[in-house]
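Enquirer: Below is one structure. I have some questions about it.
Nothing in this text is a laboratory measurement; each read-out follows from the coordinates by a stated rule. This is a predicted model, so every value here is computed, not measured. Here the Cβ positions follow ideal geometry from the backbone for every residue, glycine too, while neighbour counts run over all protein chains shown.
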Amino acid sequence: MNRHFLDDLNAAQREAATQIEGSLLILAGAGSGKTKTITTRLAYLIEEVGIPPSNTLTLTFTNKAAAEMRERALRLVQRRDMHPPLLCTFHKFGLLFLKFHIQRLGRKPNFVLIDGDDRKKILKNINDDLPVGLVESEISRMKNWLIMPDEALLSAQDKNYKLIASIYGKYEEFLKEKNMVDFDDLLLLSLKILEGDEELAKEVSEKYQYIMVDEYQDTNELQYKLLKKLCQTHNNLCVVGDDDQSIYGWRGANINHILDFPDHFAGAKVVRLEENYRSTAPILEAANSLIEFNKGRLGKTLKSVKGAGEAIEILESLDEGEEAQKVAKRIRTLLDSGVSPSDIAVLFRLNALSRSLEEGFNRAKIPFKLVGAMRFYERSEIKDILSYFRLIVNPHDDFSLARIINKPKRGIGKVTQDKLLLEAQRAGCSLFELYKKGAIEGLVSAKNHETLTGFFAMIEELQAVLEESTLRFLERFEELSLLKEYFENSKETIDRVSNIEEFYGVFRDFILSNPMANLEDFLNDLSLKSDQDEVGDSFVSCMSVHASKGLEFEHLFVVGFEEGFFPMIREGSDLEEERRLGYVAFTRAKSHLAVSHVHSRFYKGKRTELLKSRFLKEAGLLEGSLVIEKRSNFKKGDLVTHKIFGAGRVSEVSGVGKEYKLKINFGGMVREILSSYVIKI
Ligand code: ATP
Ligand code: MG
């Protein structure tokens, strides 16, 4: 029998991969092969034990991780006569489940999955008094803690929370009425269905005989409850995780789930992995030394299999401009020496820090991709097409209709739109139904009525074409919607037309590679795309530490290591979680790690002086390893500012020791100042 893939595991990993009955926790630090172990375990179940792949379920938190695991597992499996195993994110699982079972909640399976942008819009429409970000995160938090609107109202302590609870109630009604679901609903509604139907819960649990979960430290209450239901008939649950990498506390992840696993799942076995295969010793030592400052942890040993390597480089710069320049220079050297851009990444704690990097990288012509920045599918012109698609899937979706009823311009002004939507609301139906009943005619001018009739006729024609062929539908959509033509004529600087063309291309690819899928599947697939999906082959990836979880890069730069930025210090932030983020960041590096900090940053409209992060000291990176470069970015004529003397102009630059001495004219008064004491403006 072919056992070679098990030979790639060490003894502890092999024990975990081949222990298949009962509950099992693999608890280990970063880079110790947790993901590799469960991937191999899946292959072992299918290939060696003979479990039908459809009886397994493997869950992760990002699409990228799911895709990688699928690829890795399937490479190990020789059997080609099978359906691939279900290996996906929790949310994707929820989506698939709801497609089959949402009727049990009295709802139709053609529901629309809304994204964050839609959610904000809906909430804003309901209430504009409180900041929408706050309302959104509070509602999401409640959903993840299984708190329903009526309970929220009962337990609300103050005026604002009462208001949020009532917005929550209205929001839920709105979603139900429009047959929409948000991300949280994918899990919440799935759990409700399972809790409400014991028979079904049993059946589903019996189907998924072997369940595995990666990054278990990030599960929240909702995910935990769902898992409990799913393995109620067999308890065959294998989870892997690292308490030191729990970084979603703010999203309700509960670190106790991993700590209490042995209590939650009777008879659980715990396996520990103690060898790190990813990083060289200096990188691992820094990460270990940093995380040891945390109190609430289980404590683990982690040895580097790779052993000695390059020292960690500390980059010190005056400001974010110089920082970007330094990082760009090093990346350029790596690229010129033949390193592939995909082996390089730059991480930051806060997305706002990416702007200066972007500028610096553009100037240095570094091919880079900002992972999770303004996403393609969130662009306005793409959302217009998506709204058309949604309306075609569900003509009663007035939310989508309102977005595109006058796009391209049809002469249906805001007043007419509001009138129509209000009337529909009054009649308790959708605008499309109103039209079908012939109730629009008396409401609007004869010209508008004709336009609307034409509009709905187009939607109905597209629905009919869609029934026959999805490819033909796309062609007809392009001809009828005239969106491209509309944007061609609008004099905007953004190239919306090429975005639209790219989108049509994506859709065409999807149809060709998923011949059985329909338009709804495409829409829902898009809504589930996550930040990490965009890590590419020919780019240096720039992303937040959160988005980097589970990934690894040969060469890694972590920027913004200053007090206030990393650790981020603001209301509600938690120093131990910040430290775990530092640990996650460092442990993404395989052979080369550079950590950068600046003396001052321009942030939220002002320049702020900053101290270096305490994490540098905690990671043992301050003594000896400090690489201070001569600063040469001052030249005659530069405008600078000094804490005491204010603004001045540089008239002379000369080197002194490790620094530069500047002669500066402060409005007639000339002073010599060391370069680290002034900031370029
Ligand atoms: P993280 O906590 O960051 O998610 P992890 O524990 O999931 O890390 P993996 O990504 O599975 O770790 O593995 C880290 C690296 O070590 C990968 O490149 C993997 O191929 C390699 N690796 C793991 N186990 C072994 C092994 N037994 N022999 C050789 N290489 C290994
Ligand atoms: Mg992993």
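Enquirer: Between segment 427-460 and segment 225-243, how many Å separate their Cα centres?
Expert: First find each Cα centre; the distance between them is then 51 Å.
Enquirer: I need the peptides 328-336, 609-617 ranked by packing, meaning the mean over residues of other C-beta atoms within 10 angstrom, with the highest value on top.
Expert: 609-617, 328-336
Enquirer: Where does the chain land at 222 nm, in deg cm²/dmol rounded to the nearest 500, when only DSSP H runs of n ≥ 4 count, each adding -39500 (n - 2.57), divided by all residues?
Expert: For the chain, the value works out to -13500 deg cm²/dmol.
Enquirer: What length, rounded to one decimal in nm, is gained on full extension from Leu298 through to Asp537, with 0.36 nm per residue of separation minus their alpha-carbon distance?
Expert: Taking 0.36 nm per residue and subtracting the Cα distance, the gain is 82.4 nm.
Enquirer: Rounded to the nearest Å, what's the spacing between the alpha carbon centres of segment 300-339 and segment 501-519? Just the number, please.
Expert: 40
Enquirer: I've got another one for you. Under 5 Å between amide H atoms, partner at least 5 residues away or on a different chain: which partners does Val112 have, H built in plane at 1.01 Å?
Expert: Residues meeting the amide H criterion: Met180, Val181.
Enquirer: Something else about it: Specify which residue in the list Ile681, Thr416, Leu74 is farthest towards the positive end of the charge dipole of the chain, using unit charges on the beta carbon of Lys, Arg (+1) and Asp, Glu (-1), about the Cα centre.
Expert: Ile681
Enquirer: Further, regarding this structure: Compare the peptides 344-353, 519-528 by average per-residue count of other Cβ atoms within 10 angstrom and give them in order, highest first.
Expert: Highest mean packing first, the order is 344-353, 519-528.
Enquirer: Here's something else I'd like to know. Please tell me the relative contact order of segment 57-209 in percent, rounded to the nearest whole number, where contacts are Cα pairs under 8 Å and at least six residues apart.
Expert: The value is 28 percent.
Enquirer: Next question. For a test of the definition: using alpha carbon positions, the gyration tensor, and the 1.5 limit on a/c, classify the chain as rounded, prolate or oblate.
Expert: Oblate, because a/c is 1.5 or more while a/b does not exceed b/c.
Enquirer: While we're looking at this one, here's another question. Under a point-charge model restricted to the Cβ atoms of Lys and Arg (+1) and Asp and Glu (-1), what is the dipole moment magnitude of segment 114-178 relative to its Cα centre, in debye to the nearest 20?
Expert: In debye, rounded to 20, segment 114-178 gives about 40.
Enquirer: When the Karplus curve 6.51 cos²θ - 1.76 cosθ + 1.60 is applied with θ = phi - 60°, which whole-Hz ³J(HN,Hα) does each residue of segment 296-301 get, with x for Gly and Pro?
Expert: Result, rounded to whole Hz: x, 9, 6, x, 9, 9.
Enquirer: Which pairs, out of Lys121/Lys419; Lys36/Lys303; Lys643/Lys663; Lys202/Lys225; Lys143/Lys549, put more than 22 Å between their alpha-carbon atoms?
Expert: Among Lys121/Lys419; Lys36/Lys303; Lys643/Lys663; Lys202/Lys225; Lys143/Lys549, the Cα-Cα distance tops 22 Å for Lys143/Lys549.
Enquirer: Within a Cβ distance under 9 Å of Ala427, other residues only, what is the Lys/Arg minus Asp/Glu net charge?
Expert: Around Ala427, the charge tally is 0.
Enquirer: Rank by packing, highest mean first: peptides 31-44, 314-327, with packing defined as the count of other Cβ atoms within 10 Å averaged across residues.
Expert: In decreasing order of mean packing, 31-44, 314-327 become 31-44, 314-327.
Enquirer: Follow-up. Can you classify segment 378-529 as rounded, prolate or oblate using the Cα gyration tensor, where a ≥ b ≥ c are the square roots of its eigenvalues, rounded means a/c under 1.5, and otherwise it's prolate if a/b beats b/c and oblate if not?
Expert: Note, shape of segment 378-529 comes out prolate.
Enquirer: Just need the relative contact order of the chain here, percent rounded to a whole number, with Cα pairs under 8 Å and 6+ apart.
Expert: 16
Enquirer: Pull up all non-local amide H partners of Val558: gap of 5 or more, or a different chain, and H-to-H distance under 5 Å with H placed in the peptide plane.
Expert: Result for Val558 returns Leu347, Ala594, Val595, Ser596.
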